[in-house]
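> So that we are looking at the same thing, I have put the structure below in structure tokens.
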Amino acid sequence: MITALRGMKDIIDEGAKFEYILQVATAVARRYGFELIETPILEETALFKRSVGESSDIVGKEMYQFIDKGGNDICLRPEGTAGVVRAFIEKRLDKAGGVQRYFYHGPMFRYERPQKGRLRQFHQFGVECFGQQSVYEDAAMILMAADIFDRLQIAYTLEINSLGCDACLPPYRQALVAFLAQHTEAICGDCQRRQESNPIRVLDCKNSSCQALYAQAPLMADHLCGECEGEFAQLKEMLDRAHITYRHNKKLVRGLDYYNKSAFEFVSAEIGAQSAIAGGGRYDRLVGFLGGRPTPAVGFALGIERIYDLVSLPSVQRGGWYLGALEPEALEPLFFLSHTLRQQSYTHFSAEAKKLKAHLKAADRLGVRYCAVMGETELAQKSLWVKDLVEKSEKHILLSEVQGG
Ligand code: HAM
């Protein structure tokens, strides 16, 4: 038997939840002024190397990378931001000025070791805002993600940090590199490699002896310049005033290299080790870095599969029709009636003549409101016998009444 690839899942039982999550997230994003953007799943490998960063695990270890028939080095996108930025620059929107906001959703691919909550193909809903330098936008992003989770009735913890800017990050990095140089022997192989390529990522190491050591490490929070410190204080104040509870996690560094200033993650305590349900932050350097006119930007993405188990579908009101024939001759008029009713409401046409009891049972299972059947009497009278499954009432109505003619 051929099965799905390891770490890849069909959306088959969770279809309704998948749709519901997207519907809630999209409705909230639209209220914040975001518009849909769709970018290709395949992009040049260089795009992710330059944006997500060569030293990140995503690019270093997890890319679905291959050479296509034309000899191009391409890969399946591991995340959505890089493609959106590429499209934004390619369309010359960086030159247009003003503020542009986009939302997207779709599959992302990371060749990680599959485990609960960690897939090789997973789906994100993400948003990106370009052209807004203000920390108000950072706060709005966090409020928007919180709004989505609140509407989905998902409990979360919010962690925030500031990753500094071009003024304060380099001296901080130097301080951290000096600290690591004193402890090279004691840190794990991954951290030794990061020490050279991207020292800040060591703070994210899962190794407990590294973590014990990093309790003494210098932290960005103590090295922020006046501007970053002021903005971060403002962000915290805005969250306080909006009654959003957060924790300042001074070791939150994010797994992608493009971030600066505000960074945040939404975490759930109910889904095991892979607990991040959304992550994002500011990335003011990326547009310029990929060849566009320097444009401030901020965004986040949430993992749809990570929240399946946390979402309960709202109970739906019974609605729509079930049309069932008691005699084969009733199939044709009911088929055409279903065509008419579907212009207005959900209609199930049962393509086999059956006993009334079987139709009622099927109608109940489908959750419709009206179960209408046609037998000999109804054929002669050009009518339907209709049971309202909510009111539990029954009556005969003329076909012409339902068909509106
Ligand atoms: P990220 O933190 O790498 O950020 O991913 C965002 C979310 O995707 C995570 O919080 C998690 O819920 C989900 N996720 C990540 N990896 C997996 C996986 N292997 N299996 C299942 N779910 C996963 C980004 O991707 C950034 N592009 C977010 C962003 C947008 N920053 C600015 N704009």
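> Show me the helices (runs of 4 or more DSSP H) entirely contained within the stretch 1-78 in which 2 or more residues are over 20 Å from the mean Cα position of the chain (by Cα) and at pLDDT 95 or above. Steps first, answer last, please.
On the way: elements: 15-31, 45-48, 57-61.
Output list reads 45-48.
> Kindly check whether there is at least one residue in the stretch 136-143 that is in a loop (DSSP other than H, G, I, E, B) and either touching a helix residue (DSSP H, G or I) at 6+ places or on another chain (Cβ under 8 Å) or open to solvent by 10 Å² or more (accessible area, probe 1.4 Å) (or both). Before the answer, list the steps.
Quick first cut of the stretch 136-143, residues in a loop (DSSP other than H, G, I, E, B) only: none.
No, the stretch 136-143 contains no residue that is in a loop (DSSP other than H, G, I, E, B) and either touching a helix residue (DSSP H, G or I) at 6+ places or on another chain (Cβ under 8 Å) or open to solvent by 10 Å² or more (accessible area, probe 1.4 Å) (or both).
> Looking at the stretch 295-302, can you tell me whether even one residue there is open to solvent by less than 10 Å² (accessible area, probe 1.4 Å), in contact with a Phe, Trp or Tyr (Cβ under 6 Å, 6 or more places away or on another chain), modelled with pLDDT of 95 or more and near the ligand (Cβ under 10 Å from one of its atoms)? Quick ask: steps written out before the conclusion?
First, the residues of the stretch 295-302 that are open to solvent by less than 10 Å² (accessible area, probe 1.4 Å): 297-300, 302.
Now drop any that are not in contact with a Phe, Trp or Tyr (Cβ under 6 Å, 6 or more places away or on another chain), which leaves 297, 302.
Then drop every residue that is not modelled with pLDDT of 95 or more, which leaves 297, 302.
Going one step further and asking which of them are near the ligand (Cβ under 10 Å from one of its atoms), we end up with 297, 302.
Taking every residue of the stretch 295-302 in turn, at least one turns out to be open to solvent by less than 10 Å² (accessible area, probe 1.4 Å), in contact with a Phe, Trp or Tyr (Cβ under 6 Å, 6 or more places away or on another chain), modelled with pLDDT of 95 or more and near the ligand (Cβ under 10 Å from one of its atoms).
> Sticking with this one: Can you tell me which residues in the stretch 223-263 are without any contact (Cβ under 8 Å) to a residue 60 or more places away in the chain and either among the hydrophobic types (A, V, I, L, M, F, W, C) or within 16 Å of the ligand (Cβ to nearest atom) (or both)? Before you say what the answer is, go through the steps one by one.
Going through the stretch 223-263, the residues without any contact (Cβ under 8 Å) to a residue 60 or more places away in the chain turn out to be 223, 226, 230, 233, 237, 240-241, 243.
Scanning the stretch 223-263 gives a single hit, Ala233.
> A further question on this structure: Which residue is nearest to the ligand (Cβ to nearest atom), if the candidates are limited to the stretch 264-286 and must be open to solvent by less than 10 Å² (accessible area, probe 1.4 Å) and over 21 Å from His123 (Cα atoms)?
Tyr283
> Of the residues that make up the stretch 194-201, is at least one over 31 Å from the mean Cα position of the chain (by Cα) and either of a type in the set (S, T, N, Q) or in a helix (DSSP H, G or I) (or both)?
Step one: of the stretch 194-201, the residues over 31 Å from the mean Cα position of the chain (by Cα) are 195-196.
Subset that is either of a type in the set (S, T, N, Q) or in a helix (DSSP H, G or I) (or both): 195-196.
Yes; the residues of the stretch 194-201 include at least one that is over 31 Å from the mean Cα position of the chain (by Cα) and either of a type in the set (S, T, N, Q) or in a helix (DSSP H, G or I) (or both).
> Here are Gln121, Gln100: which of them is surrounded by fewer than 20 Cβ atoms within 10 Å (Cβ to Cβ), at pLDDT 95 or above and either more than 22 Å from Lys49 (Cα to Cα) or within 10 Å of the ligand (Cβ to nearest atom) (or both)?
After ruling out the rest, the residue left standing is Gln121.
> Among the residues of the stretch 329-368, which ones are open to solvent by 70 Å² or more (accessible area, probe 1.4 Å), in contact with a Leu (Cβ under 8 Å, 6 or more places away or on another chain) and closer than 14 Å to Lys387 by Cα?
Residue satisfying the conditions is Asp364 alone.
> Here's something else I'd like to know. Which of the residues belonging to the stretch 268-296 are among the aliphatic types (A, V, I, L, M), in contact (Cβ under 8 Å) with a residue 40 or more places away in the chain and farther than 23 Å from Glu231 by Cβ?
Ala269, Ile271, Ala273, Ile277, Leu290
> So in the stretch 107-118, with the set limited to residues that are in a strand (DSSP E or B) and more than 15 Å from Cys75 (Cβ to Cβ), which one is farthest from the ligand (Cβ to nearest atom)? Before the answer, list the steps.
The first filter runs over the stretch 107-118 and keeps only residues in a strand (DSSP E or B), leaving 107-109, 115, 118.
Next cut, more than 15 Å from Cys75 (Cβ to Cβ) only: 115, 118.
On the way: Gln115: 9, Arg118: 4 Å.
For the stretch 107-118, the residue satisfying everything is Gln115.
> Another one. For the stretch 369-378, which residues satisfy the criterion of being open to solvent by 60 Å² or more (accessible area, probe 1.4 Å) and touching a Gly at 6+ places or on another chain (Cβ under 8 Å)?
To start, the set of residues in the stretch 369-378 that are open to solvent by 60 Å² or more (accessible area, probe 1.4 Å) comprises 369-370, 376-377.
Passing the criteria: Arg369, Tyr370.
The values are calculated or read from the model by the stated rules, or taken from the named source; none is laboratory data. Since we're looking at a predicted model, the values are computed, not measured. Heads up, the Cβs are rebuilt from the backbone with ideal geometry, glycines too, and the neighbour counts pull from every protein chain shown. Please note that ligands, DNA and RNA were not included when accessible areas were found on the heavy atoms of the full protein model with its side chains. Shrake-Rupley method; radii C 1.70, N 1.55, O 1.52, S 1.80 Å.
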